[in-house]
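Notes for the one structure printed next.
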Amino acid sequence: MTLSQIPNIITVIRILLVVPTGWLLWEMRYVDALILMSIAGGSDALDGWLARRFRWTSKFGAAMDPIADKLLVAVLFVVFTIQGHIPLWVAIIVLTRDFVIMVGAGIYRLLFERISFEPTFVSKANTAMQIIMLLMLLLSFCGFGWLSDLSGRLVDPFLFYVLAVLGVSSGIDYVITWGQRAWKTGRLDRGARN
């Protein structure tokens, strides 16, 4: 093992934290779930910083880092929705957006070329809001007095609506951006064959 693999190892650890975090949440052990989610969030920042600072980047890390984030977010959304803490319509928007993006990326790769993982600004804002909302929702169940009360009041309904708007707009943004790229790539391929 070389030092340059440290960000990848951290990413794998983050993926492994998804199951126990989801289980703790399911068991309503909210403080423990918050601790694991904080570790996952901190490790995400750490592996990104290490990759940029020391140029320890890799194709594996570029592909798996967003997948690790999405797995954790998806599990938390599903558990919170089953528990009745997130409205079904919010979960449907969040999970459908991610599903459409994954299917679209797969089709693009199959028909055209490999995909470089380049999240748009709207997508980054959407992901950040998902994590903020989940953290604040989790905080609201931790019994931390005024902090939990404030978190709960901000999440429902304010952050639910913000997240819905960002989810729809970032989904549309991805469809338009990658649709245009597919159109241009397809035209170039047809032009090269003629």
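Look at (1) closer than 28 Å to Gly186 by Cα; (2) exposed (fewer than 15 other Cβ atoms within 10 Å of the Cβ) and you find that Ala45 fails only one, number (1).
Of the residues making up segment 79-89, not a single one is more than 23 Å from Ile39 (Cβ to Cβ), among the β-branched types (Val, Ile, Thr) and either buried (at least 19 other Cβ atoms within 10 Å of the Cβ) or touching a His at 6+ places or on another chain (Cβ under 6 Å) (or both).
Okay, residues lined up against (1) under 16 Å from the mean Cα position of the chain (by Cα); (2) surrounded by fewer than 17 Cβ atoms within 10 Å (Cβ to Cβ); (3) assigned to a helix (DSSP H, G or I):
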position	(1), (2), (3)
Met102	yes, yes, yes
Tyr108	no, no, yes
Pro119	yes, yes, no
Thr127	yes, no, yes
Leu135	yes, no, yes
Val155	no, no, yes
Phe158	no, yes, yes
Gly171	yes, no, yes
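The single condition from (1) at pLDDT below 85; (2) part of a helix (DSSP H, G or I); (3) touching a Phe, Trp or Tyr at 6+ places or on another chain (Cβ under 7 Å) that Val90 fails is (1).
Pairs are defined by a Cβ separation below 7 Å, a sequence spacing of at least 6 or placement on different chains, a first member in segment 54-67 that is assigned by TED's automatic domain parsing to the domain that holds Ala40, and a second member that is polar (S, T, N, Q) and surrounded by 15 or more Cβ atoms within 10 Å (Cβ to Cβ); the pairs so defined are Trp56/Ser4; Ser58/Asn8; Phe60/Asn8; Gly61/Asn8; Gly61/Thr11; Met64/Thr11; Asp65/Thr11. Do we have any residue at all in segment 13-32 that's surrounded by fewer than 19 Cβ atoms within 10 Å (Cβ to Cβ), in a loop (DSSP other than H, G, I, E, B), among the acidic types (Asp, Glu) and at pLDDT 95 or above? Yes, segment 13-32 contains a residue that is surrounded by fewer than 19 Cβ atoms within 10 Å (Cβ to Cβ), in a loop (DSSP other than H, G, I, E, B), among the acidic types (Asp, Glu) and at pLDDT 95 or above.
Can you name the residue in segment 15-36 that is in contact with a helix residue (DSSP H, G or I) (Cβ under 6 Å, 6 or more places away or on another chain) and among the aliphatic types (A, V, I, L, M) and is also farthest from Ala128 (Cα to Cα) among such residues? The selected residue is Leu24. The set of residues from segment 1-34 being closer than 15 Å to Val73 by Cα and either of a type in the set (Val, Ile, Thr) or free of Cβ contacts under 8 Å to residues at least 40 places away in the same chain (or both) comprises Thr11, Ile15, Leu16, Val18, Val19, Pro20, Thr21, Trp23, Leu24.
What number of residues within segment 95-115 are farther than 13 Å from Thr177 by Cα and either in contact (Cβ under 8 Å) with a residue 24 or more places away in the chain or of a type outside the set (A, V, I, L, M, F, W, C) (or both)? Residues flagged as farther than 13 Å from Thr177 by Cα and either in contact (Cβ under 8 Å) with a residue 24 or more places away in the chain or of a type outside the set (A, V, I, L, M, F, W, C) (or both) within segment 95-115 amount to 10.
The values are calculated or read from the model by the stated rules, or taken from the named source; none is laboratory data. Since the structure is predicted, the reported quantities are computational estimates derived from the model, not experimental observations. All Cβ positions, glycine included, derive from the backbone under ideal geometry; neighbour counts span all protein chains shown.
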